[in-house]
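Report on one structure; see the data block that follows.
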Amino acid sequence: MNALRKWKADNNVDDALVPRNTKVGDILLGENIANYRKMKKKYDQGQDTYLTAEHISELNDEGMVWGDVNDYKWNRKYEKLVEFHADNEHCDVPQAHPELGYWSNNQRKAKANNKLDSVKVGKLEGLGFKWVI
């Protein structure tokens with residue numbers, strides 16, 4: 001847990017989205033995090049694992065993301081878009097916007113290629129997101 005805390009402090013983040021190849025000292029932190037996710041699935045299915053409820057609680061406290069990491073990241077960007085909308089009363093994010101420009105364009109491309117699920121499309125449309133600019 002100390003390696004995770006150090007990595008979070010060094011990277012000024014509040015979650016445990018550690019890239020898989022990350023090392024902290026001699027600890028393969030990224031691999032450890034990936035293994036925790038695998039063990040949590042086994043734990044949830046009632047299978048034997050070294051992961052305990054106490055470990056899970058500690059990891060939760062450190063911002064562990066157990067589910068689909070891509071969905072988690074998408075939802076974080078969506079929350080930023082909600083903030084942008086609240087501040088600007090629209091979702092026409094400039095391409096040069098540091099957090100949302102590239103992401104917004106990727107949502108348009110994904111929808112055009114039928115790779116954006118209907119729930120995400122609905123959330124974006126609920127904000128008045130424009131698919132063609």
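Could you please give the count of residues in segment 84-95 that are more than 15 Å from residue 124 (Cα to Cα) and at pLDDT 95 or above?
Count: 2.
Note on segment 83-127: among residues that are touching a residue at least 12 places away in the same chain (Cβ under 8 Å) and under 18 Å from the mean Cα position of the chain (by Cα), the one that is most open to solvent (accessible area, probe 1.4 Å) is 99.
Looking only at segment 1-16, residues that are surrounded by 17 or more Cβ atoms within 10 Å (Cβ to Cβ) and out of contact with any strand residue (DSSP E or B) (no Cβ under 9 Å at 6 or more places or on another chain) come to 2 in all.
Determine, yes or no, whether residue 69 is under 30 Å from residue 9 (Cβ atoms), open to solvent by less than 70 Å² (accessible area, probe 1.4 Å) and modelled with pLDDT under 95.
Criteria met by residue 69.
Filtering segment 17-43 to residues that are in a helix (DSSP H, G or I) and open to solvent by 30 Å² or more (accessible area, probe 1.4 Å) leaves 31, 32, 35, 36, 37, 38, 39, 40, 41, 42, 43.
Within segment 54-61, one or more residues are of a type outside the set (Asp, Glu) and closer than 18 Å to residue 19 by Cα. Test each condition in (1) out of contact with any Phe, Trp or Tyr (no Cβ under 8 Å at 6 or more places or on another chain); (2) at pLDDT 95 or above for residue 25 and report the one that comes out false. The failed condition is (2).
Restricting segment 45-59 to residues that are exposed (fewer than 12 other Cβ atoms within 10 Å of the Cβ) and assigned to a helix (DSSP H, G or I), the residue that is nearest to the chain's Cα centre (by Cα) is 57.
The values are calculated or read from the model by the stated rules, or taken from the named source; none is laboratory data. Keep in mind it's a predicted model, so treat the numbers as computed, not measured. Quick reminder, even Gly has a Cβ in these numbers, built from the backbone with ideal geometry, and neighbours come from all protein chains shown. With ligands, DNA and RNA removed, areas are computed over all heavy atoms of the protein, side chains included. Shrake-Rupley method; radii C 1.70, N 1.55, O 1.52, S 1.80 Å.
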